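Trainee: Pasting a structure here, questions to come.
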Amino acid sequence: MDYTSTLDPALRVKLLLDTALPEHHGLILVGSNMGGYVSTIASRTLKPDTLLLMAPAFGLANYPEPFPAPLASHIAAVHGWHDEVVPLDNAIRRAKLHQVKLVPVDDDHSLHKEVGTVGELLVKMIAQVTPNSFV
């Protein structure tokens, strides 16, 4: 999704929900920062199998729901110990509140140093949804 037309998280959720999805088996939503927030809100309508959040924008001012409840069969979040945008404590609070697998990593908000960790986690989550896709 290209959300560059707006910085409004509620409008970004609407854009995602208004997008016609192709036929699929095993919907996976992945989002970073505000995209993690948007994917979490949209998960309640789209009901994905997998939800992967990277440094999700939880607990921040000007968001309609500071700690939205996710809805997916498999949910995980990756968050940097040194995140200067979204405090790790926000991710810990959310993970505890909603029993979400949290993977804290030695990185900042960008997660650039931990791209491999994020990729490995995504591959494992995809395999949970489509176990025969990786042989």
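Trainee: Which of the numbered conditions does HIS112 fail, given that it passes all the others? Conditions: (1) modelled with pLDDT of 95 or more; (2) surrounded by fewer than 17 Cβ atoms within 10 Å (Cβ to Cβ); (3) more than 22 Å from ASP2 (Cα to Cα).
Mentor: Going through the list (1) modelled with pLDDT of 95 or more; (2) surrounded by fewer than 17 Cβ atoms within 10 Å (Cβ to Cβ); (3) more than 22 Å from ASP2 (Cα to Cα), HIS112 breaks only (3).
Trainee: Determine if region 119-130 includes at least one residue that is in a loop (DSSP other than H, G, I, E, B) and within 16 Å of ARG12 (Cβ to Cβ).
Mentor: Within region 119-130, not a single residue is in a loop (DSSP other than H, G, I, E, B) and within 16 Å of ARG12 (Cβ to Cβ).
Trainee: Still on this structure: Filter region 15-70 down to residues that are farther than 24 Å from SER110 by Cβ, free of Cβ contacts under 8 Å to residues at least 60 places away in the same chain and not in a helix (DSSP H, G or I), then give me how many there are.
Mentor: Number of matching residues: 13.
Trainee: If a residue must be assigned to a loop (DSSP other than H, G, I, E, B), closer than 23 Å to ASN90 by Cβ and not aromatic (Phe, Trp, Tyr), how many such residues does region 2-14 contain?
Mentor: So the count comes out to 3.
Trainee: Hey, another quick one. Has region 53-66 got at least one residue that is of a type outside the set (Gly, Ala, Ser), surrounded by fewer than 19 Cβ atoms within 10 Å (Cβ to Cβ) and touching a strand residue (DSSP E or B) at 6+ places or on another chain (Cβ under 9 Å)?
Mentor: No, because not a single residue in region 53-66 is of a type outside the set (Gly, Ala, Ser), surrounded by fewer than 19 Cβ atoms within 10 Å (Cβ to Cβ) and touching a strand residue (DSSP E or B) at 6+ places or on another chain (Cβ under 9 Å).
The values are calculated or read from the model by the stated rules, or taken from the named source; none is laboratory data. Since the structure is predicted, the reported quantities are computational estimates derived from the model, not experimental observations. Neighbour counts are summed over all protein chains in view; Cβ atoms, including those assigned to glycine, are modelled from backbone coordinates with ideal geometry.
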